[in-house]
Amino acid sequence: VGAMLPSSGQAANFYAVLNICQAGDHIVASSAIYGGSTNLFTVTFPKMGVECTLVNPDADEEELAKAFRPNTKVVFAESIANPALTVLDFEKFARLAHSHGVPLIVDNTFATPYLFRPLEHGADIVVHSATKFMGGHGTALGGVIVEGGSFDWEASGKFPGLVEPNPSYHGVSFTKAAGPAALVTKIRAVLLRDTGATLAPLHAFLLLQGLETLSLRVERHVFNALRVVEYLNANPHVKKVNHPSLPGSPYHELYNRYFPEGAGSIFTFEIEGGAEKAMELIDHLKIFSLLANVADVKSLVIHPASTTHAQMTEQELAASGITPETIRLSIGTEHVDDIIEDLEQAFACVF
């Protein structure tokens, strides 16, 4: 029913949560999310008086329910987690959120709307980093907040900021004025106005250019990734490949249920020899660019424990499925034979 684009994916997460939380409130979030999001929820938000409890997404509903408090206002999770490719049980999380009278926010960056639409599986709000697949070229920053319109803010009784008259905007009640689009309307009218994480006009143009080829690019990303997964899974120097398409993955059934067209062109694997060998392998890759961003048309590689997730503790890294020998690949749209050949020559240099 409504959507808006702030300046980045992190701005989207920040606005979507802060718009319905205030000092004294509480968030329940999956532990299998991007390290920057974990830091936002567990370090930055508590400084603003909003507490967060991280939960294991694989826990049963009874265990997950223990994380909720009377002041819990939102549940946050990723459709396919960065970087371990944990697949969310959407119906389970939606039931838990709605039984406690709060909305479910799903970060769908890794899946894209082409492969999966969380609103059709119980999510109330969807966020994306448009910097990734939507733009596709790593040239423009942007975030997306999509409101499904199914959550009844008034009936919940927990969201006076959306229901009661807003003194900073002529006493308007956003649920009365905007109906099912109350969330994004308030973000645009109040939070965006007050904190200014506005999408740059040039980036809006670049993101629109990227959207024109989204379906074609994602189809190629997925095809290439599944071939690379097969290659790595058969490589004797690879200890483990974390991809839900593999029959041995604990998320294989959820993957088949929610992603019939495939997904997961960004994934991790672990090699023999620890962090030193992992970094050495990365240094010998030629087609892959050593970059922290993902979902570019070109293939990318990173060592998560020392870069993208470096701010996390050992316990938090373990909960996110990251070890010292974990390597993250973002498979691009080059010819798959060239991608595999690059990996082969790097392995030959290291082992």
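Taken together, the values in this text are just the output of simple stated rules run on the coordinates, not laboratory data. These numbers come from a predicted model, not from an experiment. Here Cβ is always computed from backbone atoms with ideal geometry, including for glycine, and neighbour counts include all displayed protein chains.
Based on the Stokes-Einstein relation at 4 °C and a viscosity of 1.567 mPa s, and on the Kirkwood radius from alpha carbon pairs, region 19-122 is assigned a translational diffusion coefficient of 94 µm²/s. In terms of its C-alpha gyration tensor, region 220-271 comes out oblate, because a/c is 1.5 or above while a/b does not outweigh b/c. Restricting the GluC sites (Glu not before Pro) of region 193-238 to loop positions (DSSP other than H, G, I, E, B) with no more than 16 neighbouring Cβ atoms within 10 Å leaves E212. Cα-based radius of gyration for region 79-179, normalised by 2.2 N^0.38 Å, reads 1.25. Summary: within the chain, the longest segment free of trypsin sites (Lys or Arg not before Pro) located in DSSP loops with at most 16 other C-beta atoms within 10 Å is 67-285. For region 48-109, the convex hull spanned by the alpha carbon atoms encloses 95 Å³ per residue.
Each Cα pair under 8 Å and six or more residues apart adds its sequence gap; the mean of these over the residue count of region 179-279 is a relative contact order of 23 percent.
Distances longer than 15 Å among the Cα atoms of region 1-43: what percent of all pairs is that? Considering region 1-43, 47 percent of its Cα-Cα pairs are separated by more than 15 Å. Over all distinct Cα-Cα pairs of the chain, the Kirkwood formula returns a hydrodynamic radius of 20.7 Å.
In terms of its alpha-carbon gyration tensor, region 250-351 comes out oblate; a/c meets the 1.5 threshold, while b/c is at least as large as a/b. Over region 295-351, the reciprocal of the mean inverse Cα-Cα separation, the Kirkwood hydrodynamic radius, stands at 12.9 Å.
The orientation-averaged projection of the convex hull spanning the C-alpha atoms of region 182-241 amounts to 7.6 square nanometres.
In order along region 35-42, the Karplus-derived 3J(HN,Hα) couplings, from 6.51 cos²θ - 1.76 cosθ + 1.60 at θ = phi - 60°, round to x, x, 5, 4, 5, 4, 6, 9 Hz, and Gly and Pro are given as x.
Built from the Cα atoms of region 71-136, the convex hull projects on average onto 4.6 nm², one quarter of its surface area. Once each part is reduced to its C-alpha centroid, what is the distance from region 278-350 to region 1-46 in angstrom? Going from one Cα centre to the other spans 26 Å. Structure note, pairs K132/K286; K73/K240; K73/K239; K277/K298: Cα-Cα distances above 29 angstrom occur for K73/K240; K73/K239. As a length-normalised measure over Cα pairs under 8 Å and 6 or more apart, the relative contact order of region 231-309 settles at 22 percent. Mean sequence separation of contacting Cα pairs (under 8 Å, at least six apart), scaled by the length of the chain, corresponds to a relative contact order of 19 percent. Converting the Cα gyration tensor eigenvalues of region 252-291 into ellipsoid dimensions via √(5λ) gives semi-axes, longest first, of 29, 14, 6 Å.
Taken over the Cα atoms of region 171-298, the convex hull encloses 206 Å³ per residue. All C-alpha to C-alpha distances of region 117-172, sorted into 10 Å bins beginning at zero, yield P(r) values of 20, 30, 30, 18, 2 percent in whole numbers.
Remark: region 309-318, residue by residue, has Karplus-estimated 3J(HN,Hα) of 10, 5, 7, 8, 6, 4, 5, 5, 4, 4 Hz, where x stands for each Gly or Pro and the curve is 6.51 cos²θ - 1.76 cosθ + 1.60 at θ = phi - 60°.
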